[in-house]
Structure formats: C-alpha cells, structure tokens
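Below is one structure, written out as structure tokens, with a few remarks after it.
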Amino acid sequence: MTSTHNAPLSSAEISQIWTTYQEDTASICMLKSFVKTVEDPEISALLQHALELSESHIPKLTNFFTGESWPVPLGFTEADISLSAPRLYTDGFMLYYLQMMGILGMNAYSIAIGTAVRSDIHNYYSECMAETVDLHKRANSLLLDKGLFVRAPEITPPDRIAFVTDSNFLGKWMGENRPLTALEISNLFANSQRNLLGKSLLIGFSQVANNPAVRKYMVKGKEVAEKHVEAFSSKLNQDDLPASATSDAGITDSTVSPFSDKLMMFFTSSLIAASIGYYGSSISMDARKDLVTDYSRLTVEIMKYSAEGAKLMIDNGWMEEPPQAKNRDKLAKKE
C-alpha cells in the first residue's frame, strides 16, 4: 500500500503565491487598459495574449489559497481601472512594457520554482515560466519587426585569451579605470533601459494621479530615474560606448487617469523592488570599485524613495498585509 502526504504550503510557497496573485491582478488591470486603447493590430494581439495568460492564473492561484484555508487576497479589481479613460501610453511603450514584464516575470518565476517543494506548486510555476519565456520571445520579435528593438552596445573580439595578473583590474574608487567588461556593460545597459521605461511610466502616472501627494511622488520618481540613467550612461560614454535609449518615449498628453492611485503606487513600488534586486546583482558581478560604489549609492537612494512610497500607501490604506507568522507573545497575553 502507498500513501500520499499532502504537505501544507511552506512560508516560501505561500509568499510566492500571494505575491503572484497581487502582480497578476495588477497586470490584468494594466493590460485591459492597454488592449482598450492600442491601435496596432499586431501589438493588440500580443497584449490580448498576455491578458489571457494573467487571467488564466487567477483560478489556479485561488485554488491554492482555498485548498489550504488561506484567505484569498483582494489584490486589484475592476474598481482600479477606468476603461473609458483616453489613451495614456503609445503602442510602442506598450510593447516595451510587455518585453520588460517578460524579463521581470522570468526572474520572479525562477525564484518561485527554486523555493517550491510541492509538485503542484513546482508544476504551476514551471508552466508560468514557459508561458513567460514565449511571451518575451514574441515581444522581442515584434520589436525587431517594427524597428523598435534597442540592442546592447557591441564590443570588438579580443586577439587572444588572457588572465588577470594585476589587482589594478579591480579599478580605483576615483580616477581612471580599465575599460568595462562585457558583463559590466550588460548590467549598465540593462539598468539604464529599465530606468528609461520606469521614467516614462512615472511621467504618465504623474499626469493622471488624483492625489496631490501621489503626483508629487511620481514626479520625484521621474527625477530619480533620470539621475540613474545619467549615471549609467556616463560610464558607458567614458568608454565611447553608446548610452541606451528607447526609440519611443511613449506618453500622450492625457490627464484623465485609467488607473487608481492605489494601482499606480503598486506598480511603482514593484519597479523599485526590482531595481534594488538588479542593483544588488550588479554589485555581486561587477569587479570595478567605482561601479560597486555607484550601485551602492544609488541603491540607498531608491531604498529611501521606496520607504516614502510605503508610508504613502499605508497612510491611504492601499497596502494589503502579506501573510506573516503569528505573534506568539501577543497570543500569550490574550490580546
């Protein structure tokens, strides 16, 4: 005889499911607005495909919660979008958005797969990963077809292999340094691209936010993103490498919001969290001391900006409380 042991969800698994639910319900709202206002039929078809993927996740995630007697989160609903609002972003921006969300999704799903123990959770996130890889590939192909794809800088092949023989390879805190490695160029380019997209997103949010404090926060975020793009671009320019720039800024002049302030704050918070992770990854991979210093300094800046956003969300009752451990001391006091 064999027996099947259905282990309860671990803290790692429930944290991933809860976060995924928040992100998918938010994406559904964003994508519904995009599908409503997009003009290019090819981009529209890909947006519709992405929307259907996110919508298909919700029943599966809901079953995970209810099967373990966990309350289903509120996330984001129809109340967080206005489909009658005018177009806020251009087709080009929407396509860049899909490409970037594919990258962020693949990173997030890889972590979820790595923390999953139960086979049903592992299988679910493996399916999500396959879907997202395909979505990212299709977004890249469409960007290439439309002449919108922005490639990372190219470098000349070396004449031979070589080994590092001098600690000067690690560079100096200030002053002249060796040329950038391919990995360092890749990180500078990618972080610049993400900040350019974030800047465009926040410009649009600042135009339509209803709460004055939210508008002010979005304007500050745009300025922070500009500063970070300049920091990364200057490092590339020092080696005569082209700084990255998207070919479509992507914002209309609309001042009517298609999104709730709560939803816009969530997207901003999510992008900040992703940036902190990417900057940390860059610190771990880059060898030059000046780059490590820059990433560390910029990380502190966006962490402060993130804390301001968290307080703004809490003050307005927009931050849904994630699953957490029981307060045993409080229970012991019968509070």
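The values are calculated or read from the model by the stated rules, or taken from the named source; none is laboratory data. The shown structure was predicted, so the numbers you read here are calculated from the model rather than taken from an experiment. Here the Cβ positions follow ideal geometry from the backbone for every residue, glycine too, while neighbour counts run over all protein chains shown. Ligands, DNA and RNA are stripped out before the accessible areas are found, and what is left, the full protein with its side chains, is counted by its heavy atoms. Shrake-Rupley method; radii C 1.70, N 1.55, O 1.52, S 1.80 Å.
Across segment 194-217, the number of residues qualifying as part of a helix (DSSP H, G or I) and free of Cβ contacts under 8 Å to residues at least 60 places away in the same chain comes to 7. Figure legend. Inter-residue proximity from segment 294-310: first residues more than 21 Å from Lys235 (Cβ to Cβ) and modelled with pLDDT under 95, second residues outside any helix (DSSP H, G or I) and open to solvent by 70 Å² or more (accessible area, probe 1.4 Å), beta-carbon distance below 9 Å, spacing 6+ or different chains. No pairs are indicated.
Checking each residue in segment 32-45 for being open to solvent by less than 50 Å² (accessible area, probe 1.4 Å) and over 19 Å from the mean Cα position of the chain (by Cα) picks out Val35, Thr37, Val38, Asp40, Ile43, Ser44. Kindly establish whether Phe189 is under 30 Å from Asp91 (Cβ atoms), aromatic (Phe, Trp, Tyr) and open to solvent by 20 Å² or more (accessible area, probe 1.4 Å). The answer is yes for Phe189. Among all residues of segment 252-263, there is at least one that is touching a Gly at 6+ places or on another chain (Cβ under 9 Å) and assigned to a helix (DSSP H, G or I). Going through (1) more than 29 Å from Lys32 (Cα to Cα); (2) touching a strand residue (DSSP E or B) at 6+ places or on another chain (Cβ under 6 Å) one by one, Tyr279 falls short only on (2). So is Glu13 surrounded by fewer than 19 Cβ atoms within 10 Å (Cβ to Cβ) and either over 21 Å from Gln324 (Cα atoms) or not basic (Lys, Arg) (or both) or not? No.
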